[in-house]
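The next block holds one structure in the form of structure tokens; read it before the comments.
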Amino acid sequence: MGCARWAFRGREWVVWGRSARPGLAALPMFFGFADMASASTAVEHTTITAGGKAFSIAMGIALTAGFLAFSAWTLPLGLRTLRLGRAIEDWPSTPGEIVSSEVGERQGYNAQNNYSFTYYEPKIHYTYAVDGVSYASQRVQAGMEDAHRLALGKAAVSAIVARYPVGATPAVRYDPADPAVSTLEIGQVGGLKQVVAGAGMLVLAVGAAVFTIWSIVTPTE
């Protein structure tokens, strides 16, 4: 039998467990510390089995890497969408023409939870011209191209499509530095959610890193 014992703010916890469940006694350390000073105090009164130490270090490294990877992908994407949404407000516009407009239905797959799902997206194709050069685009609003993450319902997408029937001539906003980049609507969707999710994963990565460090410095029995 292995024993993990630690003290935290006047209380003492003792968790007993067989080596078949290494590292479980250390889990409260990951969630229980408000600051590093408290953590360092608790470490002085903590021991962990050799098997528990190895498991905790491996788990901490894996969690840190996973949270960091998700944050590194989501946070920049959200910030980029927010910046684009603000920039679009100052873009010039030119008349365009809707050449096709329909509700697109696609199948997605969530590998983490192993299930398939249906999502909808506005499939609106339009053309426009800038300085005599013709362009074509499908972007309705910044961020809307990530329809599978926005989880838009069929009714919401149908309402968007109804605003742009075939033959309509809406104003198309375009990037003056690159006229091939355009949109039909100002603003953005989904950017703030992506930033919040990315920031949350970054906080969890820091917590996982602290847990990993604790696992490394904690002496074995």
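Bear in mind these aren't lab numbers, they're just calculated from the coordinates by the rules spelled out. No experiment lies behind these values; they were computed from the predicted model shown. Here the Cβ positions follow ideal geometry from the backbone for every residue, glycine too, while neighbour counts run over all protein chains shown.
Just a few scattered comments:
- Two numbers describe the Cα atoms of region 114-203: Rg and Dmax, which are 15.5, 50 Å.
- Lysines whose Cα lies under 18 Å from that of Lys154, excluding same-chain neighbours fewer than 8 positions away: Lys123
- With a Förster radius of 30 Å applied to the C-beta separation of Arg80 and Ala168, the computed FRET efficiency comes to 0.55.
- Listed by Cβ neighbour count within 10 Å, with the fewest neighbours leading, Ile124, Ile88, Ile216 appear as Ile216, Ile88, Ile124.
- Remark: Ser100, Ser56, Ser134, Ser158 ranked as Ser134, Ser100, Ser158, Ser56, counting other beta-carbon atoms within 10 Å and listing the fewest first.
- A full extension of the chain between Lys193 and Ser100 corresponds to an added length of 30.5 nm, given 0.36 nm per residue minus the alpha carbon distance.
- Ranked by how many other Cβ atoms sit within 10 Å of their own Cβ, fewest first, the residues Val133, Val181, Val140 fall in the order Val133, Val181, Val140.
- FRET efficiency, 1/(1 + (r/R0)^6) with R0 25 Å, evaluated for Ile186 and Ala159 via beta carbons: 0.90
- Using only alpha carbons, region 72-221 has a radius of gyration to Kirkwood radius ratio (Rg to Rh) of 1.15.
- Distance-filtered residues of region 187-221 - backbone nitrogen under 19 Å, label point 7 angstrom along Ala69 Cα→Cβ: 197-210, 212
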